[in-house]
Amino acid sequence: MAECHPVGFQWVMEAKARGAKVIHIDPRFTRTSAVSDTHVPLRAGSDIAFLGGVVRYILENELYFEEYVKAYTNASFLVGEEFVDSEDLGGLFSGYDEAKATYDPTSWGYAGASEGSVGKGGAGGADKGHAEGHSLGSGGPSVDPHTIQRDETLQHPRSVFQVLKRHYARYTPEMVEEVCGVPKELFLEVCEAVTANSGRERTTCWVYSVGWTHHSVGVQYIRGSAIIQLLLGNMGRPGGGILALRGHASIQGSTDIPTLFNILPGYLPMPKAGADESFESYLDTIRNHEQKGFWANAESYSVSLQKAWWGEKATVDNGWAFDYLPRISGDHGTYRTVLDMNDGKVDGYFLLGQNPAVGSAHARLQRLGMAQLTWLVVRDLNMIESATYWKDGPEIETGELKTEEIGTEVFFLPAAAHTEKSGTFTQTQRMLQWHHKAVDPPGDCRSELEFFHLLGQKLRERLRDSELERDRPLLDLTWDYPVDEKGEPSADAVLREINGFGPDGQLLNSYLQMKPDGSTSGGCWIYTGVYADGVNQSARRKPGSEQSWVAPDWGWAWPLNRRQLYNRASADPDGKPWSERKALVWWDEDQAKWVGHDVPDFEGTKPPSYRPPEGATGPAALAGDDPFVMQADGKGWLYAPSGLLDGPMPVHYEPSESPVRNAMYHQQGNPTRETFARKDNLQNPSAGEPGADVFPYVCTTYRLTEHHTAGGLSRWLPYLSELQPEFFCEVSPEHARERGLEHLGWATIVTARTAIEARVLVTDRVVPLKVGGKTIHQVGLPYHWGVGGDAVVSGDAANDLFGLSLDPNVHIQESKVASCDIVPGRRPRGPELLRFVEDYRSRAGITVETGNQRFTS
Amino acid sequence: MDLGKTFLSWPVVRQLTGDDPLGRGKAAQSARTAALQPRTKTADRVVDSICPYCAVGCGQKVYVKDEKVVQIEGDPNSPVSRGRLCPKGSASEQLVNSPGRVTKVRYRRPYGTDWEDLDLDVAIDMIADRVVETRNRTWQDLDDQGHKVRRTLGFASLGGATLDNEENYLIKKLFTALGAVQIENQARI
Ligand code: SF4
């Protein structure tokens, strides 16, 4: 956090100064480790074993927050009899289909769940391909809360509590030591610190970033910490929670208002081919009529979106123009698309402030794919490698590509900087902050707002006379934004459209005002309220020193300016703060409403004693002590009865490429990970496969304070380039001795994809780990550099080393861990490089099938 | 008599007679240095902004003189950052005024070996033509099982995490209306 979110880390240091203990669990020693109380180096890719060990420690020692767990989680819910745990099936849950490498999750449901109540992410998962999990958005999977059977004593063998206990029984400190390479004493120190610092009076926070998401089982990493936080009563409480630290100024915003294939604004799913034939059937996949919570109102959010986009052309008679939306089938994620590019199936590509030739996994495949395009539009501040691969990419040097033979037409359009346009960024805590335009952009530089507005106008112009059905969505689109004298559309007008309007043309104050009858509009329901009272709330800048510690008058956080989600859980079931020290919101009996420091994330006047009448659904079905208001049963999930494609509870699997055999199960890797067995995506053999010893080391990637992702915003700046001029690899002194690597010399790092070179940094920041009786060496690689001719500094790209193997739920690549070899000296040049890598492949006996066997039980 | 021209103004005299005996402060200051003013003082205006790098979202004050950004500082009022910026945020003035920043459209024709000039408006026209052509040629009304899909897989887009919400909104809205579904950004990566 100190390394990549430095200014945010000041608050950790403030907490430390007030007595908080800071523990850094990371394969890498960073600026965070340097100031932490404890650094826990662990083997990259072993975190679930660690987290599972913490869960076991909590349960075995009865250190969970009992009242919280009983009242606010699904611990007491009974799981169906058909469910079989991974402990009993060698690392697989019930419902696994070997041929398809997917689960039918029907058997994971709660006991007595009626047919169909498993809902989306349910039985369809196996057949409808891999897009299901993430398409649930924050809506989450549906369950029918009315049929749930409970055992409040938590003793029933099929209660979630007992299922969890059995599931993690073998995640002992000894097992953690064997799998993660973390000495038992150090592991127990973490367990003791975390549990001692949780309960009524204290809370513990877990912070993660892409070190947890870049895995073939990444979603389950985060589920692991969610289980811990729920057991310890740390969710929805001040100083608690799980903080996802996001890497880009508005990466949260670009998820909320998604430039993502599987969701629409506000986490509404994109409709799916075959499944969502009508608006009604589409809505039914979002809101199960039986369920609790605010997703039951999905129709209002969805109709309001259609009205924002198609205005009066969206009518009740045409199903609110639902058919104007294209349908997805399976995975259309960026990696799937790049493979299709390589197969010549994609003509055109827009790159908007993104540099995949350096920043995406298997960067080689990215460049080779772009060389297959007919046209490419790059919009950026600088001449990034993704715009110049056709003349100075590494494949030109190896002779795999020849400039004169690449038929791609490339348009480079310079972009406006943040100071040259107005608009909002949504930062990592869901807070929107407006930035004001300071100056005009120079020369041909333009904002995306202006470019896309203009492109839309030109496209509509071209198709103006079209009679074709397919062109209606474009021609009927609401696209009239006021522009200034220079042609720049008003970002303010766009934000108003996002906020939404009521029947009288008034800006909405809350998504609760949205109606399913077409009388309201709103481009992103969770952002409704950003223009409450006709004021751009995101532009509020009341000094922090003049307001409370929650700082509600700076910017605006979705939803409805709540700064902490699910904060109803900061009070006990009766609505009283768990402790005065940790008070956030509470029920005020006299005023008969929820009050507190933050905006309560609960219906304002629903008393804690409220119990829903028989047959209630939606928000009305939420009891006064159901704090998780977006969940279909109002509870925090220790066990996920549906919604995930790779199991209801996290299981330790080895990374897709690992020199280590899974010590816990026959099943080696995530049995449902998304693999691509292709000649251009070869994998290293893992432990247990012949040739694994050719790649005996673990490599991992990371960032440095002075650079930003693929370098597009940092390697062109002399200041930042001077601070971190050159690509390097970090190795331990022991590893350096074993391989003859010299400090400040060169090393070549090799995988089945390619070989790259880096300066060697021999440092005891990297520690060799004892794993399963063997010593495991890890190589650390910052991934900011790329090969090209335009940046102030360049170098080989660490992402060239990685192949594609994805988390099945979210299609994110496993680029935080792979196996590799490392040898002293520079890599071969030109075609020699290809021969060098080919030699490794043949020594390891690599074929297209290598490493792609998902079922290994 | 102009004191500034006499030996009394020599740094060594100032050092020995003033309150800076080590000569590390005022005693060593030249008249030129004394006359300098920070760019933050001479700016025509100050504009509220947010750091464009990571998602901490530090507050920035952008100092403008003669319609140029001359300095970017942390915003002390921000309850997030309290005036601080990390090396990236501190360098963002150079991001805006970077000597390497490209400000003209560049065009590489198919099989071309170098960049060429191109008028911005012509470029957007050409891009619009490419989109229409690709979309028409790759349009799918139905998938191979006869389900309606109403889409094109002929072009794709990547990017958004560094952009404004309003920009992402127009991108998603326009592309979706065109039937393009392969719209992605760093959040997947
Ligand atoms: S100044 Fe640094 S910590 Fe703050 S938002 Fe910018 S990059 Fe992030």
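Residues checked against (1) within 14 Å of chain B (Cβ to nearest Cβ); (2) assigned to a helix (DSSP H, G or I); (3) without any contact (Cβ under 8 Å) to a residue 40 or more places away in the chain:
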{"site": "A:F261", "(1), (2), (3)": "yes, no, no"}
{"site": "A:G266", "(1), (2), (3)": "yes, yes, no"}
{"site": "A:Y282", "(1), (2), (3)": "yes, yes, no"}
{"site": "A:N297", "(1), (2), (3)": "no, yes, no"}
{"site": "A:L305", "(1), (2), (3)": "yes, yes, no"}
{"site": "A:W310", "(1), (2), (3)": "yes, yes, no"}
* Only one of these is within 14 Å of chain B (Cβ to nearest Cβ) and closer than 20 Å to A:T204 by Cα: A:L230, A:L245. Name it. => A:L245
* To do: Could you grab me the full set of residues in region A:441-457 that are more than 7 Å from every other protein chain (Cβ to nearest Cβ) and more than 20 Å from A:G253 (Cα to Cα)?
  => A:P441, A:R446, A:Q457
* away from the ligand (no atom under 16 Å from the Cβ) and open to solvent by less than 10 Å² (accessible area, probe 1.4 Å): does that describe A:A387? -> yes
* Of all residues in region A:655-713, how many are of a type in the set (V, I, T) and away from chain B (no Cβ under 14 Å)? -> 6
* Can you name every residue in region B:140-187 that is in contact (Cβ under 8 Å) with a residue 24 or more places away in the chain, on the phi < 0 side of the Ramachandran plot and in a strand (DSSP E or B)? -> B:R151, B:T152, B:F155, B:A156, B:S157, B:L158, B:A180, B:I183, B:E184
* Structure fact -> Matching residues in region A:492-507 (open to solvent by 10 Å² or more (accessible area, probe 1.4 Å), within 14 Å of chain B (Cβ to nearest Cβ) and in contact (Cβ under 8 Å) with a residue 24 or more places away in the chain) number 3
* To do: Would you be able to tell me the number of residues in region A:815-845 that are among the small types (G, A, S) and part of a strand (DSSP E or B)?
  => 2
* A:S642 part of a loop (DSSP other than H, G, I, E, B), closer than 30 Å to A:G112 by Cβ and touching a Pro at 6+ places or on another chain (Cβ under 8 Å) -> yes
* Scan region A:337-365 for residues that are under 20 Å from B:T134 (Cβ atoms), in contact (Cβ under 8 Å) with a residue 40 or more places away in the chain and either among the small types (G, A, S) or surrounded by fewer than 24 Cβ atoms within 10 Å (Cβ to Cβ) (or both) and report the count. => 2
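One line per residue, one yes/no per condition, for (1) among the hydroxyl-bearing types (S, T, Y); (2) touching a Phe, Trp or Tyr at 6+ places or on another chain (Cβ under 7 Å); (3) surrounded by fewer than 19 Cβ atoms within 10 Å (Cβ to Cβ):
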{"residue": "A:D37", "(1), (2), (3)": "no, no, yes"}
{"residue": "A:A49", "(1), (2), (3)": "no, yes, no"}
{"residue": "A:G52", "(1), (2), (3)": "no, yes, no"}
{"residue": "A:Y64", "(1), (2), (3)": "yes, no, no"}
* **region B:1-58, residues that are among the acidic types (D, E) and open to solvent by less than 60 Å² (accessible area, probe 1.4 Å)** => B:D20, B:D48
* Would you point out which residue out of A:D47, A:D37, A:D26 is at pLDDT 95 or above, over 22 Å from the mean Cα position of the chain (by Cα), within 25 Å of A:K184 (Cβ to Cβ) and more than 14 Å from chain B (Cβ to nearest Cβ)? => A:D37
* Residue identified as in contact with a strand residue (DSSP E or B) (Cβ under 6 Å, 6 or more places away or on another chain) and within 25 Å of A:S386 (Cα to Cα) among A:L723, A:L769, A:L781, A:L717 -> A:L781
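Select the strands (runs of 3 or more DSSP E) contained entirely in region A:714-789, then report the ones holding at least 2 residues which are hydrophobic (A, V, I, L, M, F, W, C).
Of the strands (runs of 3 or more DSSP E) lying wholly inside region A:714-789, those with at least 2 residues that are hydrophobic (A, V, I, L, M, F, W, C) span A:728-731, A:746-750, A:755-762, A:769-771, A:778-782.
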* Which one of these is among the acidic types (D, E), open to solvent by less than 20 Å² (accessible area, probe 1.4 Å) and farther than 30 Å from A:P831 by Cα: A:D440, A:D380, A:D444, A:D465? -> A:D380
* Structure fact -> When every residue in region A:9-22 that is under 17 Å from A:G240 (Cβ atoms) and open to solvent by less than 50 Å² (accessible area, probe 1.4 Å) is compared, the one nearest to the ligand (Cβ to nearest atom) is A:V12
* Structure fact -> A:D323 passes all but one of the listed conditions (1) open to solvent by 20 Å² or more (accessible area, probe 1.4 Å); (2) more than 10 Å from chain B (Cβ to nearest Cβ); (3) modelled with pLDDT of 95 or more; the exception is number (2)
* Select from region A:1-38 the residues that are among the charged types (D, E, K, R), touching a helix residue (DSSP H, G or I) at 6+ places or on another chain (Cβ under 7 Å) and within 28 Å of B:D75 (Cα to Cα) and list them in ascending order. => A:E3
* Asked: Among the residues of region A:574-603, how many are over 31 Å from the mean Cα position of the chain (by Cα), assigned to a loop (DSSP other than H, G, I, E, B) and surrounded by fewer than 18 Cβ atoms within 10 Å (Cβ to Cβ)?
  -> 9
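The values are calculated or read from the model by the stated rules, or taken from the named source; none is laboratory data. Quick caveat, the model's predicted, so the values are computed rather than measured. Glycine gets a Cβ as well: all are built from the backbone with ideal geometry, and neighbour counts include every protein chain shown. Calculation scope for accessible area: heavy atoms of the full protein, side chains included, ligands and nucleic acids excluded. Shrake-Rupley method; radii C 1.70, N 1.55, O 1.52, S 1.80 Å.
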